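Chemist: Can you read through this structure? Questions will come right after.
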Amino acid sequence: MCGEPVRGDAGAMPVIEVTDLRKSYGGRPVVDGVSFAVEEGEIFGVLGPNGAGKTTTVECVEGLRVPDSGRVRVTGLDPVTEHDAVAGVLGVQLQQSELQAKLTVREALELYAAFYPRPAAWRPLAERLGLTPHLNSRFGKLSGGQKQRLSIALALVGDPRIVVLDELTTGLDPRARRDTWELIEDIRAGGVTVLIVTHFMEEAQRLCDRIAVIDKGRVAALDTPAGLIRRSAGATVISFTPSAPLDEHDLNGLPALVSIEHRDGRVTLSGTDETVNAVITLLARTRVTAHQLRVTDATLDDAFLDLTGQDGGAGPTATTERVNATGRATGTDRPDTTEEVPT
Amino acid sequence: MTSPAPRTAVLNAAVLRTEVRLFRREPGGVFWVLLFPTLLLAILGSIPSFREADPSFGGLRPVDAYVPVAVLLGLIVGGVQGMPQTLTAYREHGILRRMATTPVRATALLGAQMLVYGGAALLSALLSLAVGRTAFGVPLPRQPFGYLLALLLAVAAALALGALLSALSRTAKIAGAVGSAALFPAMFCAGVWLPVQAMPDLLAGIVGWTPFGAAAEALNQAAAGDWPGGIHLAVLAAWTVLLTAAAVRWFRWE
C-alpha cells in the first residue's frame, strides 16, 4: 500500500488522464485511441451507443483491465501497477454487478466500509439513498432499483475523491432517477469528481459539465452539452402548417437551412436562429398564417445522432422530429468555441 | 487473462467474517459438509454387524474403518461440491469483479472461501472423531500428529481441486454438474462404498494413487499408531501442487 495518494496542486493536474488508450479483443479494436482528461470537481460524462467502448474505457480507469497501449493515470497513479492506492481514492459502481444473495444491506455497507482507511459514515449515506427501511433485507430480495441504490451507496462508502458510475440510473423509476441526479450533484458539491458512463441523453445533459462522445472506440467529440448541441447540424427546428402553400424556391433560399420536410401539409425546417427569423419574415411578406407554429432547440439527442451517425432509437427525450439532414450546416457564423479532439 | 493478476490481500477479516456468516445461512452446505458425514457414520455404526471385528478389515470393526472415511467425506463434499459452486457464482454475478475494484481485491474472497470450507471440513472431521469415540468406542488416532498432517494435506488437495473445478466452470450450473461428476469417484476412492482396507489389492493399489485414496491410507496408518507412509503423503502433496498449479493457470476473476 502506498500512503497518501499523490495530490497535485489544486486544478493543476487532471484527476483522470487517459491518453491514446487502445484495447482489442481477439484482434478487434474495442477502444481505438481514446484520450480525455477529467478535472477535479467536474462531472464528466462518457456517452456513446452500445458497444462503443465506453465500459472498456472506464474499466481501464478502474484497473479492471490492462490497456494494450496508451496511458491511464488516476490522481497521477497507474491503476494497474498502483492498484491499491488508486482503489483507495476511486469509488466504483459497475454495470450489472451483484452481491452475495444472502448478504443484507447493512452487512454489505459495513463490509465495504471496512475496505477503506477512512470510510464515510454509512448510515447517513443509506438514509440519503432511501435504503434505511431495507437495512435488514437480503440483497437477493431487493428490487432492481434498490439494488442500484445500494450499488451507488457502496461506490461512495469509501469516501472517494473520484467516483465512476456506469449506467447509474438504469433500472430506476423516473422519481428515483431524479433523486439520484440530485445526489450526484450533492456529491460533486462536496468536492468529489464524478465520471459517469451513460447512453441516456437527458442524464448527460442535466448532469455533465463536459461530455466525451465515444463512437466505434474513438472520441467523436468532447465538449460541454451546450457546445455539443451547437455542433448539431440543425440546431434549431421550426415547424408549422401554412394557411396557403409557400413557394418552394423561397423556402430553399432560406439562410443557414439544413433540411426541409413536408408532411401532411406541415412544413418542418431545421437550421439556425437566422433561419427562423427569415421564415417569419417570409411568412409576413407573403401574408401566410402559420398554424401550430413551433420552434424548438435541438437536443443532445440530435447532436448525438449527428456525431455518431446513428439512425435513431436514442431515447425518449427527443423533442424535435429529425428531418432528412443530409448536409451539415455550412457557412454559419456560429462561434466555434468547441474543443476538437483528434480522432 | 485480461484482468491484472492480484497480488496481495489474501486474508481480510471483514471478508472472512462475512463468508462465515453466509455459509451458515446455507442449510444445504451446513448439512452436507458438517453433519452428513457424522450422520452416515452413526447410521452405519447402528448396524450390529458393523460393530463386530471383521477379518476383511484386517481385524478392525467396519465402524472403525468408517471413521476415516467420514473424516474425508466432509472435505470432499465441501471441496468438490460446495466451494466451486459458490466461487463460480461469485464470478458469474460479478461479485469478484466488484471486489477487485476495492483496495481489498478479489483474492480476499478466494482466501475466505478456502478458509470457510477448510474450516468446516476440519470441524466435520472433529465431529466424526468425537461421535466415533463416544458412541461406538472407536479409539482416537494413536498417531495424532501424523493424522493431523495427513488430514491437512487432504484438505489442501480438496480445496485445490475445488479451485480447479471453479476455474474450469463458466457458470455455477456447470460447476454443480462437474462437481457431481467428480464427487462420486472421489467418494469411492476415499472408501465410502468399500473402505480401502477391504478393497482387493489391485484396486487398493490403484486407489492409492488418487488424492483421497492416498489420504484414506495415510489416515488409517496414523489411526493405527504408525507414522503415515511417505508415499501416501507424497502422493497427496503432489496432487495438491498439481491441482493448485492448474487452478492458478486457468482461474478467471471474471
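The values are calculated or read from the model by the stated rules, or taken from the named source; none is laboratory data. Keep in mind that what you see is a predicted model, and the values were worked out from it rather than measured. Positions of Cβ are generated from backbone atoms using ideal geometry, with glycine treated the same way; all protein chains shown enter the neighbour counts. Quick note on the areas: whole protein, heavy atoms, side chains included, nothing else; ligands and nucleic acids left out. Shrake-Rupley method; radii C 1.70, N 1.55, O 1.52, S 1.80 Å.
Chemist: Is it the case that B:M99 is under 30 Å from A:L156 (Cα atoms) and buried (at least 20 other Cβ atoms within 10 Å of the Cβ)?
Modeler: Numbers: under 30 Å from A:L156 (Cα atoms): yes; buried (at least 20 other Cβ atoms within 10 Å of the Cβ): yes.
Yes, satisfied.
Chemist: State yes or no: is B:E254 within 14 Å of another protein chain (Cβ to nearest Cβ), in contact (Cβ under 8 Å) with a residue 12 or more places away in the chain and either open to solvent by 10 Å² or more (accessible area, probe 1.4 Å) or of a type in the set (S, T, N, Q) (or both)?
Modeler: Details: within 14 Å of another protein chain (Cβ to nearest Cβ): yes; in contact (Cβ under 8 Å) with a residue 12 or more places away in the chain: yes; either open to solvent by 10 Å² or more (accessible area, probe 1.4 Å) or of a type in the set (S, T, N, Q) (or both): yes.
Taking the combined requirement at face value, the residue satisfies it.
Chemist: Residues A:G26, A:G48, A:G8: which one is out of contact with any His (no Cβ under 6 Å at 6 or more places or on another chain), crowded, with 20+ Cβ neighbours inside 10 Å and at pLDDT below 90? Even if it seems obvious, please write down each step before you answer.
Modeler: On the way: A:G26 fails: crowded, with 20+ Cβ neighbours inside 10 Å; A:G8 fails: crowded, with 20+ Cβ neighbours inside 10 Å.
Only one candidate passes the filter, namely A:G48.
Chemist: B:L60: of a type in the set (A, V, I, L, M, F, W, C), touching a residue at least 24 places away in the same chain (Cβ under 8 Å) and surrounded by fewer than 19 Cβ atoms within 10 Å (Cβ to Cβ), yes or no? Reasoning before the result, please.
Modeler: Values: of a type in the set (A, V, I, L, M, F, W, C): yes; touching a residue at least 24 places away in the same chain (Cβ under 8 Å): yes; surrounded by fewer than 19 Cβ atoms within 10 Å (Cβ to Cβ): no.
In short, no.
Table: residues versus (1) surrounded by fewer than 23 Cβ atoms within 10 Å (Cβ to Cβ); (2) closer than 27 Å to A:R73 by Cα; (3) charged (D, E, K, R); (4) more than 7 Å from every other protein chain (Cβ to nearest Cβ).
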| position | (1), (2), (3), (4) |
| --- | --- |
| A:D84 | yes, yes, yes, no |
| A:A87 | no, yes, no, no |
| A:Q95 | yes, yes, no, yes |
| A:E107 | yes, no, yes, no |
| A:E110 | yes, no, yes, yes |
| A:P117 | yes, yes, no, yes |
| A:A121 | yes, no, no, yes |
| A:L125 | yes, no, no, yes |
| A:R128 | yes, no, yes, yes |
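Chemist: Considering every residue within the range A:56-65, establish whether at least one is more than 11 Å from every other protein chain (Cβ to nearest Cβ) and either of a type in the set (F, W, Y) or open to solvent by less than 10 Å² (accessible area, probe 1.4 Å) (or both). Steps first, answer last, please.
Modeler: Going residue by residue through the range A:56-65, those that are more than 11 Å from every other protein chain (Cβ to nearest Cβ) are A:57.
Checking the rest, the ones that are also either of a type in the set (F, W, Y) or open to solvent by less than 10 Å² (accessible area, probe 1.4 Å) (or both) come to A:57.
Yes, there is a match, as at least one residue in the range A:56-65 is more than 11 Å from every other protein chain (Cβ to nearest Cβ) and either of a type in the set (F, W, Y) or open to solvent by less than 10 Å² (accessible area, probe 1.4 Å) (or both).
Chemist: Where in the range B:65-150 are the helices (runs of 4 or more DSSP H), entirely inside, with at least 1 residues that are within 11 Å of chain A (Cβ to nearest Cβ) and charged (D, E, K, R)?
Modeler: Details: elements: B:83-92, B:95-100, B:107-136.
Qualifying helices (runs of 4 or more DSSP H): B:83-92, B:95-100.
Chemist: Hey, another quick one. Could you list, in sequence order, the residues of the range B:191-245 that are open to solvent by 60 Å² or more (accessible area, probe 1.4 Å), outside any helix (DSSP H, G or I) and touching a residue at least 40 places away in the same chain (Cβ under 8 Å)?
Modeler: Passing the criteria: B:A224, B:D226, B:W227.
Chemist: Name the residue, out of B:R51, B:R17, that is open to solvent by 50 Å² or more (accessible area, probe 1.4 Å), farther than 30 Å from A:D159 by Cβ and not hydrophobic (A, V, I, L, M, F, W, C). Before you say what the answer is, go through the steps one by one.
Modeler: Details: B:R17 fails: farther than 30 Å from A:D159 by Cβ.
From the options B:R51, B:R17, the qualifying one is B:R51.
Chemist: Filter the range A:143-164 down to residues that are open to solvent by 10 Å² or more (accessible area, probe 1.4 Å) and among the hydrophobic types (A, V, I, L, M, F, W, C), then give me how many there are.
Modeler: Summing the residues that are open to solvent by 10 Å² or more (accessible area, probe 1.4 Å) and among the hydrophobic types (A, V, I, L, M, F, W, C) in the range A:143-164 gives 1.
Chemist: State whether the residues of the range A:130-142 include one that is open to solvent by less than 10 Å² (accessible area, probe 1.4 Å), more than 23 Å from B:L110 (Cβ to Cβ) and not in a helix (DSSP H, G or I).
Modeler: yes
Chemist: Within 11 Å of chain B (Cβ to nearest Cβ) and not charged (D, E, K, R), is that true of A:L77?
Modeler: no
Chemist: Here is a follow-up. Criterion first (within 12 Å of chain B (Cβ to nearest Cβ) and over 18 Å from A:A176 (Cβ atoms)) does A:R161 satisfy it? Before you say what the answer is, go through the steps one by one.
Modeler: Working: within 12 Å of chain B (Cβ to nearest Cβ): no; over 18 Å from A:A176 (Cβ atoms): yes.
So A:R161 fails the test.
Chemist: Can we say A:V267 is open to solvent by less than 30 Å² (accessible area, probe 1.4 Å), closer than 30 Å to A:G53 by Cα and not in a helix (DSSP H, G or I)? So that I can check it myself, show each step before the final result.
Modeler: Values: open to solvent by less than 30 Å² (accessible area, probe 1.4 Å): yes; closer than 30 Å to A:G53 by Cα: no; not in a helix (DSSP H, G or I): yes.
No; evaluated as a whole, the condition is false for this residue.
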